[in-house]
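Remarks on the structure that follows.
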Amino acid sequence: MSRSGSTSANDAAMALSLFLRREQMYPEALALVGGISRQYPRNFLLAVEYAHLLNAAVMARGDCAIPHRAAKRARREVHVLHLETAAWAWA
């Protein structure tokens, strides 16, 4: 569905990620948002949504020691320029 790279495909992928988040299917949602974030590395809202998804995934697992490692992983995988500015989502 979102493989064509068009704006409509990205919109569809973001909508799907919202439904995946609601169903607590975090790895799939992170993959979708991460893919779009790699296309638009300067998009702050995508970085914030990725941070929210990571936070939800961490809280669902009950592991509160992960946010620091999750931020490092997000920097490697998503290549968001200033992911630290999206870290407020973990608060």
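Readers should treat all values here as calculations from the given coordinates under stated rules, not as data from a laboratory. Computed from a predicted structure; not experimentally measured. All Cβ positions, even for glycine, are placed from backbone atoms using ideal geometry, and neighbour counts span all protein chains on display.
Using a simple spin-label model with pseudo-atoms 7 Å out from Cα toward Cβ, L45 and E23 lie 2.4 nm apart.
For the peptides 55-61, 45-51, the ranking by packing is 45-51, 55-61, with the highest mean count of neighbouring Cβ atoms within 10 Å listed first. Return the whole-Å distance between the Cα centroid of region 40-56 and the Cα centroid of region 8-32. First find each Cα centre; the distance between them is then 12 Å.
Sort L54, L18 so the one with the fewest other Cβ atoms within 10 Å of its own Cβ comes first.
Working: L54 26, L18 13.
Final ranking by Cβ density, sparse to dense: L18, L54.
Fewest neighbouring Cβ atoms within 10 Å first, the residues S17, S8 line up as S8, S17.
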